[in-house]
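In what follows, a structure is listed as structure tokens, so that the remarks can point back to it.
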Amino acid sequence: MAGKTEPIWIARELSRCSGCRKCEIACSLSHEKRIWPEASRIRVFMLVPGTDFPHFCVQCRDYPCVEACPVKALSISKRTGAVLVNKKKCTACGICVDACPGRIPHLHPVEEHVIICDLCRGNPQCVKVCREGGWNVLETVSRSNRTYEVYARKPEDTARDLAVKMYGEKAEEFI
């Protein structure tokens, strides 16, 4: 079908992340028109030294954040599959944060609404800057046949698994 696009997803190879945080900068520039990592829709965590990794919406199959919103401020883009936030409807109650298995939505630093990755309308700036830098941690791919649940986890759980992958089983004792 002409004009019809398949929803996208951002695949990630977390062990490649250098922690440069350029993805946060690109995101905040795109959405906030200034460098403001606190307002970025992608967050880089370093909970264990040497294990920096990006953390952002994975567009879960069942969209628990969207389902949980009591004021219907969250919706799903038909074009990209991303979660969209209606800033005027959002009350910043945080119920979507609690519903998210990765606790990914977070409150905007100064405005009264949550922020979630919206895939930059199909052209994710975080992916662009990551690929331009040669890190290739992030890649835009077709949404079909993806294992979302692997990435829809709390940062602490991701950090633990990444540390074990990078440093071996002994690392778990120190986390």
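The values are calculated or read from the model by the stated rules, or taken from the named source; none is laboratory data. As the structure is a computational prediction, the values presented were derived from the model and not from experiment. Note: ideal-geometry Cβ built from the backbone for every residue, glycine included; neighbour counts use all protein chains shown.
Details
- Members of the stretch 59-94 that are among the β-branched types (V, I, T) and crowded, with 16+ Cβ neighbours inside 10 Å: V66, T80, V83, V85
- Checking W135 against (1) outside any strand (DSSP E or B); (2) out of contact with any helix residue (DSSP H, G or I) (no Cβ under 7 Å at 6 or more places or on another chain), the condition it does not meet: (2)
- Which listed residue, of R34, R41, is out of contact with any Leu (no Cβ under 6 Å at 6 or more places or on another chain) and surrounded by fewer than 19 Cβ atoms within 10 Å (Cβ to Cβ): R34
- Options E149, E156: the member that is at pLDDT below 95, surrounded by fewer than 19 Cβ atoms within 10 Å (Cβ to Cβ), under 14 Å from the mean Cα position of the chain (by Cα) and among the acidic types (D, E): E149
- Among the numbered conditions (1) free of Cβ contacts under 8 Å to residues at least 60 places away in the same chain; (2) under 19 Å from W9 (Cα atoms); (3) surrounded by 13 or more Cβ atoms within 10 Å (Cβ to Cβ); (4) not aliphatic (A, V, I, L, M), the only one that H55 does not meet is (1).
- Within the span defined as the stretch 49-56, one or more residues are acidic (D, E), touching a Cys at 6+ places or on another chain (Cβ under 8 Å), assigned to a loop (DSSP other than H, G, I, E, B) and within 29 Å of A171 (Cβ to Cβ).
- Each residue in the stretch 69-95 was checked for being part of a loop (DSSP other than H, G, I, E, B) and out of contact with any Asp or Glu (no Cβ under 6 Å at 6 or more places or on another chain), and 18 pass.
- Check on V44, closer than 23 Å to L14 by Cβ and part of a helix (DSSP H, G or I): no
- On inspection, V66 fails the criterion of being in contact (Cβ under 8 Å) with a residue 40 or more places away in the chain and part of a helix (DSSP H, G or I).
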